[in-house]
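In what follows, a structure is listed as structure tokens, so that the remarks can point back to it.
Taken together, the values in this text are just the output of simple stated rules run on the coordinates, not laboratory data. What you see is a predicted model; the values in this text were computed from it and never measured. Here the Cβ positions follow ideal geometry from the backbone for every residue, glycine too, while neighbour counts run over all protein chains shown.
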Amino acid sequence: MTSIDDDKITDDKITDKKLSEATTDELLIVVAKKVSRSLRLTENNPTMQKLTKLCELADELGISITFHQGGVCVVDNDRDDSLPDLYLEDIEPGHHVNNFPPCTEYKLIYDNPEYLVQQSREYYERRAREAAAAADAEKAAKAKAKAEVARRAAELEVSERHVLATLKAKYPDA
């Protein structure tokens, strides 16, 4: 066993030397018995060979499949990049494709370009309305602040006139 500063002599002064050596031996045994969480298949394994062939075929076809929370995205390298993404969906509403190959009937879909244009237009119209509403609210707030300043100025003037009238009444000759 070694101390924090990695000095066995210091550690032996603090603890019994025999205890230090015994602890070190026990640690070496624990480290030697460490079991790996997972094992890697060799390239000769039949399953590994099948997966390698599947990956090579997908690469040859220019297809990749990505599973994510939103669904399954299919990318075809030969397809025009300007076209919408392709998605693999189960035929039944509410069901999802979670396996490959899919174990249920499926369909390959993409977002309707007209729908995307409509959604984009609605988004920008909504943003414009929000910006106009924010500008109107800011304008109203400025007008309210200006009116408040004018109201306070009027109150101050009335108060000063009252004080002046009181002083004139008190000192008429001045």
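Under a point spin-label approximation (7 Å from Cα along Cα-to-Cβ), what is the LYS53-LYS144 distance to one decimal in nm? Roughly 7.4 nm, to one decimal. Neighbour counts of C-beta atoms inside 10 Å place ASP173, ASP78 in the sequence ASP173, ASP78, starting with the fewest. Placing pseudo-labels 7 Å out from each Cα toward the beta carbon at ARG161 and GLU125 gives an inter-label distance of 5.3 nm. About the centre of its Cα atoms, segment 112-174 shows a dipole size close to 220 debye [charges on the beta carbon of Lys, Arg (+1) and Asp, Glu (-1) only; nearest 20 debye].
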